[in-house]
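*Asks:* Have a look at this one.
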């Protein structure tokens, strides 16, 4: 693990199972209102990480890539909390973005919004979003860059780093 600057660090996953566990660890620690921006090329492991995050958060159904539906809503049986899984890969314009209602989701209280391909909605992301960039190193190995733009989000990532890596 490498600490890169005041608000970012890198970590490596050596398998899909590790990627799922990293997602689950973060999912179990998310505050009640949080945006997670999950960036990476096709096949980098975004959906595997998202599945783990949903599992750790407590969703009753496994997260699958919402590439064709764009937004999937998941609930947590024990408290009816909501997680929206958003895939912006097919979004091509600002009018496309407006038509799916992402701005409204980001303004909802007490929800988790997990966004794949967040670079297509960068201007809408709140300052306290957690940013995760995944890069494929080999068939099974992935490099993660976890970062935050403010202290509130960084506190979540520090707690995650300590829980996942002991540092």
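Values in this text are rule-based calculations from the coordinates and carry no lab data. Treat the numbers as computed from the prediction; the structure is a model and nothing was measured. Neighbour counts run over all protein chains shown; Cβ positions are idealised from the backbone, glycine included.
*Asks:* Top mean-square fluctuation among 98, 81, 121, Gaussian network model of the chain, C-alpha springs under 10 Å?
*Replies:* Comparing 98, 81, 121 in a Gaussian network model of the chain, the most mobile one is 98.
*Asks:* Sort 113, 82 so that the residue with the fewest other Cβ atoms within 10 Å of its own Cβ comes first and the one with the most comes last.
*Replies:* 82, 113
*Asks:* GNM on the chain, C-alpha springs below 10 Å: top fluctuator among 140, 19, 69?
*Replies:* It is 69.
*Asks:* Another question about this same structure. Say each of residue 99 and residue 76 gets a label point 7 Å from the Cα, pointing the same way as Cα to Cβ; how far apart are those two points in nm?
*Replies:* 3.4 nm
*Asks:* In deg cm²/dmol and to the nearest 500, what is the mean residue ellipticity at 222 nm of the chain if only DSSP H runs of at least 4 residues count, each as -39500 (n - 2.57), divided by the residue total? List each step's numbers first, then the result.
*Replies:* Working: 5 runs with 52 residues, N = 167.
Estimated from H runs of four or more residues: -9500 deg cm²/dmol.
*Asks:* 7 Å from Cα along Cα→Cβ at both residue 140 and residue 32: what's the point-to-point distance in nm?
*Replies:* 4.1 nm
*Asks:* Can you list the equivalent-ellipsoid semi-axes of the range 2-165, largest first and in whole Å, using the square root of 5 times each Cα gyration tensor eigenvalue?
*Replies:* Whole-Å semi-axes of the equivalent ellipsoid: 22, 18, 17.
*Asks:* With springs connecting C-alpha atoms under 10 Å apart, model the chain as a Gaussian network and identify which of 142, 51, 76 has the largest mean-square fluctuation.
*Replies:* The residue with the greatest mean-square fluctuation here is 76.
*Asks:* Extension gain residue 89-residue 10, at 0.36 nm per residue separation less the Cα-Cα distance, in nm?
*Replies:* 26.0 nm
*Asks:* Between residue 151 and residue 108, 0.36 nm times their residue separation minus their Cα-Cα distance comes to what?
*Replies:* 13.3 nm
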